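The values are calculated or read from the model by the stated rules, or taken from the named source; none is laboratory data. Computed from a predicted model, the values in this text were never measured in an experiment. Cβ coordinates were reconstructed from backbone atoms using ideal geometry, including for glycine residues, and neighbour counts include every protein chain displayed.
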Amino acid sequence: MDIIVLNRDATEEDIRHVVKKLEGKGLRVHISAGTERTIIGVIGDTSKVTEEEEDAFRAAPGVENVLRILKPYKLASREFKKENTEISVGGIVIGGRKIPVMAGPCAVENKTVLMAIAEKVKACGASFLRGGAYKPRTSPYTFQGLGEEGLKYLAHAREKTGLPVVTEIMDPRDLEAIVKYADIIQIGARNMQNFRLLLEVGSAQKPVLLKRGLSSTIKEWLMSAEYIMSRGNHQVMLCERGIRTFETATRNTLDLSAVPVLKQLTHLPVVVDPSHGVGKRDLVAPMAKAAIAAGADALLIEVHTNPEEAVSDGEQSLKPDHFEKMMKELKPVAEAVGRKL
Ligand code: PEP
Ligand code: MN
């Protein structure tokens, strides 16, 4: 038993009664009050609820139906919620008809460079500024990010440009600072299955951009989204950023088939990051177009004013003129699939 659908005439008292019974069994609830009916999502180990107990819920006043979700992820599933989830950040909607673009450097390097990039991406039509202040680097001897100082630069750039900010969290100890300065918390590919970190951001009141793990299946990825949602934070977007395959011509293999697969399995918005997907500047625009055609709700693109000097991911970062050209080329693609850039 995972969902309790109340009938149109269910009263507040009926809802309270059902919630109390569920809580009495050590379960938690997520109530969605729709225009037609209220749905109670049951959170916790529902396998322990016996058939008799389930029947008792079915017979309770105000209850129309009791359903089981067969997928291991519940709150993230389409079965739980049919309508697409729209996440609104500073007035910009992710998951609606318009496709927002999140753009910026791989890492926040210093105030001046970040400001220059922020102004350029804004002028080209980006809706969000991205940039890492805590960087998950393969080598401990390379640049690790500016930390809180980098967050301050991001907040400063937001103040100047009006672009909300996306930045990565690597350690729960940084959550307070990140919540203070950022608008969307990114969980990077390397931390997709850092379950304690997922639970921590699940307790935060900020939208989360959950990147796909380097070698994670779609099911594992949705289970990670479920971790965040199970703590009450339902503002989760999934970001495809390429997976490890035998192919070496590109940095990763951008799995664009994940986009329509996710659209079937989940109501959560889907973001595509072609930059980390391909790892090479010239391949970013074609895959960004393909991502939109496949149904992406937003794009994440690395842009740098001087990629040759970038401290990380320079080879895949677009120069501002490339980015400008790509943004123009994406417009008709979006329109062809009934969307808007
Ligand atoms: C990034 O966005 O710069 C990043 C480190 O991405 P990923 O976690 O997808 O490798
Ligand atoms: Mn990067």
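Residue under question is Pro136, and the condition is that it be within 16 Å of ligand 2 (Cβ to nearest atom), at pLDDT 95 or above and under 22 Å from Ile187 (Cα atoms); does it hold? In short, yes.
Within segment 84-96, can one find any residue that is more than 18 Å from Ile301 (Cβ to Cβ), part of a strand (DSSP E or B) and of a type outside the set (Val, Ile, Thr)? Yes, because at least one residue in segment 84-96 is more than 18 Å from Ile301 (Cβ to Cβ), part of a strand (DSSP E or B) and of a type outside the set (Val, Ile, Thr).
Table: residues versus (1) among the hydroxyl-bearing types (Ser, Thr, Tyr); (2) in a strand (DSSP E or B).
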| position | (1), (2) |
| --- | --- |
| Arg196 | no, no |
| Leu209 | no, yes |
| Ser216 | yes, no |
| Lys219 | no, no |
| Leu222 | no, no |
| Ile228 | no, no |
| Gly232 | no, no |
| Leu238 | no, yes |
| Glu247 | no, no |
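Would segment 146-157 turn up any residue that is away from ligand 2 (no atom under 16 Å from the Cβ), farther than 23 Å from Ser312 by Cβ and not in a loop (DSSP other than H, G, I, E, B)? Break it down stepwise before answering.
We begin by selecting, within segment 146-157, every residue away from ligand 2 (no atom under 16 Å from the Cβ); these are 147-149, 151-153, 155-157.
Checking the rest, the ones that are also farther than 23 Å from Ser312 by Cβ come to none.
Looking for residues that are away from ligand 2 (no atom under 16 Å from the Cβ), farther than 23 Å from Ser312 by Cβ and not in a loop (DSSP other than H, G, I, E, B), one finds none in segment 146-157, hence no.
Mind listing just one residue for me: the one in segment 95-142 that is of a type in the set (D, E, K, R), more than 15 Å from ligand 1 (Cβ to nearest atom) and within 23 Å of the chain's Cα centre (by Cα) and, of those, surrounded by the most Cβ atoms within 10 Å (Cβ to Cβ)? I'd like the intermediate steps shown before the answer.
At the first step, the residues of segment 95-142 found to be of a type in the set (D, E, K, R) are 97-98, 109, 111, 119-120, 122, 130, 135, 137.
Still in the running and more than 15 Å from ligand 1 (Cβ to nearest atom): 97-98, 111, 119-120, 122.
Pick out the ones that are also within 23 Å of the chain's Cα centre (by Cα) and you get 97-98, 122.
Details: Arg97: 11, Lys98: 15, Lys122: 18.
This residue is Lys122.
Of the candidates Glu109, Glu64, Glu52, Glu36, the single residue that is more than 16 Å from ligand 2 (Cβ to nearest atom) and assigned to a loop (DSSP other than H, G, I, E, B) is Glu36. If I go through segment 247-294 residue by residue, how many of them are farther than 20 Å from Val333 by Cα, polar (S, T, N, Q) and free of Cβ contacts under 8 Å to residues at least 60 places away in the same chain? Summing the residues that are farther than 20 Å from Val333 by Cα, polar (S, T, N, Q) and free of Cβ contacts under 8 Å to residues at least 60 places away in the same chain in segment 247-294 gives 4. Only helices (runs of 4 or more DSSP H) whose full extent lies in segment 255-322 are considered here, and the ones with at least 1 residues that are away from ligand 1 (no atom under 14 Å from the Cβ) are 258-265, 281-294. Within segment 159-175, if we keep just the residues that are outside any strand (DSSP E or B) and closer than 21 Å to Ala123 by Cβ, the residue that is nearest to the chain's Cα centre (by Cα) turns out to be Pro164.
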